[in-house]
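Everything below concerns the one structure shown next.
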Amino acid sequence: MTGVCVAAAAAIGVVSSGIVNRFPRVEQALPVQAAGAPRAVPRTTLGINLFGLQTFNRQQVFANMIAQSEWFSSRGEGWSPMPAARLDALGWVRSLEPGQTAPRPLVLPAAPFGPATVRCTFAGKGALQAGGAARLIDASAENVELELRPSGAEDEGAWVELIRTDPADPLRDLDCRKSTSLPGERFDPEFLSFLSGFEVIRFLDWQRTNDNAKVAWANRTLPTSASQVGIGGASIEDMVDLANATGADPWFLMPYEADADYIRGFARLVRKRLDPRRKVYVELGNEVWNQIFDASAQAEREGLALGMGHGDPTRARMERYAGKITAAMRIWTEVYADRPGSLIRVCASQHANPELARMILDHEDTRRWVDALATAPYLWLDLEGRSRSNLDPIFEAMPESVERTFAMAAANREIAAAHGLRYIAYEGGQHLVTRDIDLARAVQRDARMAGVYDRYLEGWRRRFGDTLTLYASTAPIGEYGAWGLREYAGQPADETPKLTAVRQFQREAR
């Protein structure tokens with residue numbers, strides 16, 4: 001079961017007619033810092049955006065191998081989403097209709113690929129089968145044992161399938177984990193190892209922020225929910241616990257549709273559960289400036305309806321965003337009143353259009369409720385017409401791309417400084433997008449990509465510093481981008497030059 005996560009696709013600028021790059025053509029050079037006394041550059045804090053939890057991103061996050069999928073419905077010919085009416089409040093199947101089964105994908109473990117024993121335990125009464133790379137080898141009234149034989153093929157999948165459940169005592173609390181997994185272990189050890197060295201974790205795709213779903217505190221995802229990939233995103237508890245387990249500072253995004261009760265409940269839970277030594281970054285929505293997202297169109301409609309922007313749609317959108325930031329950050333400020341130094345309140349703007357940052361920060365008293373201005377300093381290059389038979393022109397053009405994005409960063413930093421704010425990056429890294437998958441793989445796996453990241457990371461460290469949050473962790477290369485530092489968990493180091501450069505930077509920063 002593979003595919004492209006809708007939220008992730010939206011995050012990288014995909015629309016039905018093709019690919020929208022984040023960087024419009026810049027016809028003139030952006031201003032850079034004037035000569036004079038050198039600016040003090042803060043220490044660089046390197047962070048990572050986590051890709052979505054879906055199984056097709058080929059990263060086992062949870063020890064429970066079904067936590068990263070949802071139930072499907074099958075009648076022998078294909079799968080379809082399981083109707084909500086057949087699920088209980090936590091997402092477990094209440095009953096099956098005659099002739100209906102409920103497949104449930106398993107996330108595959110990290111490479112190197114080989115046979116593994118998986119034990120599934122459950123409460124209630126029912127029966128399970130297995131398919132794909134999974135084979136049932138033993139079963140009892142309370143558990144089943146599987147043999148998992150992944151090969152690493154791109155379209156490979158494995159699943160368990162609920163073929164019978166007792167409506168009076170449904171099969172529930174299903175937990176499928178490798179025999180080597182410790183009882184009660186929540187996160188997969190390989191995933192925790194991958195996160196070692198990253199000091200900030202941004203949860204954009206875990207929270208499914210780009211879906212712009214209506215959320216309510218009463219029906220949020222819980223750690224006990226059947227799935228962590230539903231429309232509500234991952235549980236707050238799991239995100240906080242991951243930050244605690246890795247010693248990283250979490251970066252949360254308040255849903256654009258969230259009401260005050262949800263935001264207050266979120267803030268209070270984080271305040272109570274997060275290690276007090278950790279800081280917390282908080283942002284409102286994701287790229288509300290970006291018109292490919294539903295929240296952007298919503299902000300524009302609301303802003304115009306409220307008479308914002310003097311009738312200009314862009315200004316109305318940004319001023320509405322500013323107002324929403326202020327409302328959300330007032331709540332977080334109140335909850336963290338006794339620990340203000342632990343809270344980093346973020347507003348985000350388009351990297352290539354610094355004027356938007358001015359619209360946000362100059363609106364009423366927004367700047368009072370913000371600690372940092374964030375943009376996404378990506379390295380962009382048009383790959384149209386390029387050939388995998390000659391990658392030299394691509395890598396020869398990358399130094400200029402680095403300088404171009406740093407010039408934009410300098411312009412945004414000046415705006416942040418003028419408002420007394422930090423300047424940080426909510427996303428960053430390469431932004432090389434092509435529908436030619438063979439070309440994409442050749443570029444991303446080329447050893448010279450490590451040199452590109454060396455230049456980028458070292459340039460950021462020397463010229464800007466502070467928080468740089470790379471996009472993103474682990475995901476396959478596809479027509480919508482090659483965003484992962486690696487394509488699958490456990491990928492050999494000689495195929496992951498981006499990750500190799502990042503690890504070297506982390507070692508040197510110690």
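Collect the residues in the range 218-240 that are assigned to a helix (DSSP H, G or I) and surrounded by 17 or more Cβ atoms within 10 Å (Cβ to Cβ), keeping them in residue-number order.
Ile236, Glu237, Asp238, Met239, Val240
Please identify the pairs in which a residue from the range 232-243 that is within 17 Å of Ala258 (Cβ to Cβ) has its Cβ atom under 6 Å from the Cβ atom of a residue that is hydroxyl-bearing (Ser, Thr, Tyr) and assigned to a loop (DSSP other than H, G, I, E, B), counting only partners at least 6 apart or on another chain.
Qualifying pairs under 6 Å: Gly232/Thr221; Ser235/Thr221.
Can you name the residue in the range 102-130 that is among the β-branched types (Val, Ile, Thr) and buried (at least 18 other Cβ atoms within 10 Å of the Cβ) and, of all such residues, is farthest from Ser179 (Cα to Cα)?
Among them, the one singled out is Val107.
Would you mention how many residues in the range 131-152 are open to solvent by less than 30 Å² (accessible area, probe 1.4 Å), in contact with a strand residue (DSSP E or B) (Cβ under 8 Å, 6 or more places away or on another chain) and more than 19 Å from Arg164 (Cβ to Cβ)?
So the answer is 3.
If only one of Asp205, Asp166, Asp155, Asp138 is more than 15 Å from Ala67 (Cα to Cα) and modelled with pLDDT under 95, which one is it?
On inspection, the qualifying residue turns out to be Asp155.
Say we look at the range 20-77 and pick out the residues that are under 24 Å from Arg164 (Cα atoms) and at pLDDT below 95; which of these is surrounded by the fewest Cβ atoms within 10 Å (Cβ to Cβ)?
Glu77
What's the number of the condition Ala374 fails, among (1) part of a helix (DSSP H, G or I); (2) under 24 Å from the mean Cα position of the chain (by Cα)?
Result: Ala374 passes all but (1).
Can you confirm whether Glu185 is modelled with pLDDT of 95 or more, more than 30 Å from Gly124 (Cα to Cα) and out of contact with any Leu (no Cβ under 8 Å at 6 or more places or on another chain)?
no
Select from the range 153-185 the residues that are crowded, with 17+ Cβ neighbours inside 10 Å, under 24 Å from the mean Cα position of the chain (by Cα) and part of a loop (DSSP other than H, G, I, E, B) and list them in ascending order.
Residue satisfying the conditions is Gly157 alone.
Quick one: how many residues across the range 362-376 are open to solvent by 10 Å² or more (accessible area, probe 1.4 Å) and touching a Leu at 6+ places or on another chain (Cβ under 8 Å)?
2
Taking the range 278-302 on its own, how many of its residues are touching a strand residue (DSSP E or B) at 6+ places or on another chain (Cβ under 7 Å) and not polar (S, T, N, Q)?
The number of residues fulfilling the criteria is 10.
Considering only the range 418-430, I want to know if a residue exists there that is open to solvent by less than 10 Å² (accessible area, probe 1.4 Å) and closer than 20 Å to Glu495 by Cβ.
yes
The values are calculated or read from the model by the stated rules, or taken from the named source; none is laboratory data. Note that the structure is predicted; figures quoted are calculated from it, not measured. For neighbour counting, all protein chains shown are included, and Cβ atoms are generated from backbone atoms with ideal geometry for every residue, glycine included. For the accessible areas, the whole protein counts, side chains as well, though only heavy atoms, and no ligand, DNA or RNA atoms are used. Shrake-Rupley method; radii C 1.70, N 1.55, O 1.52, S 1.80 Å.
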